[in-house]
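Read the structure below first, then the notes.
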Amino acid sequence: MRIFVIDDEVDVAETLGDIVTELGHQPSLAHTAEAALTALEREAPDAILLDIRLPGMDGLEFVRRRRAQKADAPVIGISRVATDVQMWECLRLGALDFARKPLTLELLADLVRYVEAHRPGRDIGGRSIPNRTRRDGSAFAGRMVGSSSTEDQKTEMIPHGRTTAGFTSQ
């Protein structure tokens with residue numbers, strides 16, 4: 001899979017890109033949302049890892065513009081400092097998932113597998129999987145993974161607006 005990594009912290013973007021490569025995928029790095037939108041005119045990624053706290057155009061505006069273009073590459077929002085409101089807004093706008101930095105290798109691998117399983121039109125056992133959309137045509141928000149310094153919290157959004165929460169150890 002070609003995975004766009006959009007993060008304004010150069011070291012973070014490069015590290016995420018290296019991990020994406022180690023997982024057997026092809027990263028493409030951008031350090032601003034504007035640069036990523038320009039790159040998207042030339043290449044179509046299979047997935048996007050997006051820091052939502054970017055200088056200039058933030059990640060939420062990026063997701064809004066991608067949604068208006070009806071682009072189908074799943075977006076995983078990431079941030080170290082996003083508020084809960086920003087995380088939920090990212091999911092509401094159509095991101096497949098959200099995770100708090102720092103991302104562990106295990107978490108990033110899980111996120112990539114999750115994206116692979118939810119890519120629009122993915123073929124499993126000879127069956128094409130349809131896009132997961134709401135009745136209004138917007139993408140279905142999948143889950144949110146967050147962590148704090150003492151424990152990792154995983155919250156999944158399930159149909160009808162109910163949520164489940166559980167804790168996992170590292």
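The values are calculated or read from the model by the stated rules, or taken from the named source; none is laboratory data. In this text, all values refer to a predicted model and were calculated from it rather than measured experimentally. The protein model used for the area step is the full one, side chains on, heavy atoms only, and it has no ligands, DNA or RNA in it. Shrake-Rupley method; radii C 1.70, N 1.55, O 1.52, S 1.80 Å.
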Practice prompt. Starting from the Cα-Cα distance between Leu105 and Arg80, subtract it from 0.36 nm times their residue separation and give me the gain in nm to one decimal.
Written response: 7.4 nm
Discussion item. Could you give the length gained by full extension between Arg65 and Arg2, i.e. 0.36 nm per residue of separation minus their alpha carbon distance, to one decimal place?
Written reply: 20.7 nm
Fill in: Viscosity 1.567 mPa s, 4 °C: Kirkwood-radius Stokes-Einstein D of region 1-123 over Cα pairs, µm²/s
92 µm²/s
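Order Met87, Met1, most accessible first, counting only protein heavy atoms with a 1.4 angstrom probe. Let's see the in-between values first.
Working: Met87 5, Met1 40 Å².
Correct descending sequence by accessible area is Met1, Met87.
With a 1.4 Å probe and all protein chains kept in place, how do Asp8, Asp18 rank by accessible area, largest first? Numbers along the way, then the final one.
Numbers: Asp8 60, Asp18 95 Å².
Most to least solvent-accessible, the answer reads Asp18, Asp8.
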